[in-house]
Amino acid sequence: MLPKTPSPQAPDHGPFLRLVQVLLTVIVLAMLASFFTWTENVTVTRVAKMVARVAMTGAAFGVYRLILARGAVDSFRWQHSLAPLLYGAYLVLGVASLLWSTSPGYSLLQLVMDVASLAFAYFFVKCFLLLEAFFPSRSVRLSQVLGTASFLLVLLFVVGFMVAPEVFGRLTHGEAENRLGGYFINPNELGMLCVVCLSCLWLGLYRGHRPVRTVLQMLPVLAALVLTGSRSSLVGFLLIVGFHIWQANSTRLKLALGTATLLALPLAVRTVFIKQGGLDEVLNMTGRLPFWHALLTEGLPKEPLLGYGFMRIAYGDYFQSAHTYAAQMTHNTFIQVLLNLGLVGFAIVLAQLAFTLRGFAAYPTREGRLLLLGIFLPILINSFTEFGIFGMSNYGILFYQLLIFLVSLRYNPRLSTPEQLFIKRMRPELVPAG
């Protein structure tokens, strides 16, 4: 078993850890970028996305092996194991649905993308668990890596919007509003990334890690969040702010955050929530309520038990109804599961979500719980109006897969004799004296 603190004679691992942090940041940046649509050619886009995700999964595995070569041991144990097991059951049911899918090729493509991001998440999380166990004094933090990577992506869009608003913006509401994201990414999805970025950066303020630079990083991300015009993302951000206010130890900090939120709320409501169509548009969820009603009353009864196949919601490419618009996806991740995997799949994902939340509650560290909730809240809010954590391939799924492994994987300090000998040879500073 490793000692809790290394000896004073421990070598300087600083350069190695800085290299690992840069590598992990670049890898997750490229992985997130692979969910964007950088070209209008559908075939090129699909091939590029798949190649990028497989390559980044290989790169994450490479960094994982690099950490092991530095003197770490691949010793892990599972806890809250029903969370990953039920997620695996969800994917297995998706594979089985290829037998009855209304488009097996499309279902297979979505499955391959989800499995690729799952493999990436597995090795990516293991990197941070090893770093925390074997380099505790200068550990590389997941919040820093995710925050930096997402910040760089958001900053690219903010700068692009200033230089070429017609490229990085998307005209909506009768061309009265230009929303950040363009056709590279759904503005609501970009808004979700902004909130995840802000949540990760916020944790740096708790640690006192370069607070001035962190605040300066948060400002363009906040601007990007407003420019996306995403109501769901703004709701997610307000929930994050409320959560931090509620759990803050300082009364002055609670008062300052609460006052700032109350002052900003009227502006946010006027500029983001109340758009063309006014309150009626907000109350019917921009037309989604009649669409969901049609899906549940017309689409679901035709294939109630096992659905239309993984990521399929109708017999054709689009769900058609005389009472609402046509669409290829449901704009709600839970209705999406109901339609593509039926009541069986819906029961599995509800159980899986429940066990994941149970893992959140039992997480051993306060900062870890803050990170879990800071990522989970925006992707859950997004799941009610967009692709979501069980929908068509998007980085909300990747974030959720990261959370699953964060709650279910733990480093196991009980090492075998060969592993102890390896530590004694590679990391003698970790071996107790005598």
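Report ³J(HN,Hα) in whole Hz for each residue of the range 350-367, in order, from the Karplus equation J = 6.51 cos²θ - 1.76 cosθ + 1.60 where θ = phi - 60°; Gly and Pro get x.
For the range 350-367, the Karplus-derived couplings read 5, 5, 4, 4, 4, 6, 5, 4, 4, x, 4, 4, 9, 4, x, 10, 5, 5 Hz, x marking Gly and Pro.
Mind listing the long-range amide H neighbours of ARG170? Cut-off is under 5 Å, sequence gap 5 or more, other chains count too, H placed in the peptide plane at 1.01 Å from N.
Result for ARG170 returns ARG179, LEU180, GLY181, GLY182.
Separation between the GLU298 and ASP317 pseudo-spin-labels, each 7 Å from Cα along Cα→Cβ, expressed in nm?
About 1.9 nm, to one decimal.
In Å, what Rg and Dmax follow from the Cα atoms of the chain?
So, for the chain, Rg and Dmax equal 22.7, 80 Å respectively.
If you restrict to DSSP beta bridges whose two residues both lie in the chain, what percentage is antiparallel, to the nearest 5?
Among the beta bridges of the chain, antiparallel pairing accounts for roughly 100 percent.
How high is the relative contact order of the chain, given as a whole-number percent (alpha carbon pairs under 8 Å, six or more residues apart)?
For the chain, the relative contact order is 25 percent.
Modelling each spin label as a point 7 Å along the Cα-to-Cβ direction, I'd like the ARG358/THR43 distance in nm, to one decimal.
4.9
If you place +1 on the Cβ of every Lys and Arg, -1 on the Cβ of every Asp and Glu, and leave all else neutral, what size is the dipole of the chain about its Cα centre, to the nearest 20 Debye?
1580
Using θ = phi - 60° and the Karplus form 6.51 cos²θ - 1.76 cosθ + 1.60, what ³J(HN,Hα) does each residue of the range 177-190 get, whole Hz, x for Gly and Pro?
In residue order, the calculated couplings are 9, 10, 9, 5, x, x, 9, 6, 7, 4, x, 5, 5, 5 Hz.
For GLY391, what charge total do you get from the other residues with a beta carbon under 11 Å from its beta carbon, if Lys and Arg give +1 and Asp and Glu give -1?
In short, -3.
Compute the FRET efficiency between TYR206 and VAL159 as 1/(1 + (r/R0)^6), taking r as their Cβ-Cβ distance and R0 = 22 Å, and round to the nearest 0.05.
After rounding to 0.05, the efficiency reads 0.15.
How many angstrom separate the Cα center of the range 36-68 from the Cα center of the range 309-368?
Each part reduced to its Cα centre gives a spacing of 25 Å.
Show me, for the range 125-141, the HN-Hα J-couplings you get by feeding each phi into the Karplus relation (A = 6.51, B = -1.76, C = 1.60, θ = phi - 60°), rounded to Hz, glycine and proline as x.
Per residue, the Karplus-derived 3J(HN,Hα) values read 5, 4, 4, 6, 5, 5, 4, 5, 7, 9, 9, x, 6, 9, 5, 7, 9 Hz.
What spacing in nm lies between the two simple spin-label points modelled at LEU305 and ARG77, each 7 Å away from Cα in the Cβ direction?
For LEU305 paired with ARG77, the spin-label model returns 4.1 nm.
5 Å is the cut-off here: which amide hydrogens, built 1.01 Å from N in the peptide plane, fall below it relative to ARG410, excluding neighbours closer than 5 in sequence?
ARG77, GLN79
The numbers here are math on the coordinates, done by the rules we state, and not lab data. Treat the numbers as computed from the prediction; the structure is a model and nothing was measured. So basically every Cβ, Gly included, is an ideal-geometry build from the backbone, and we count neighbours across all protein chains shown.
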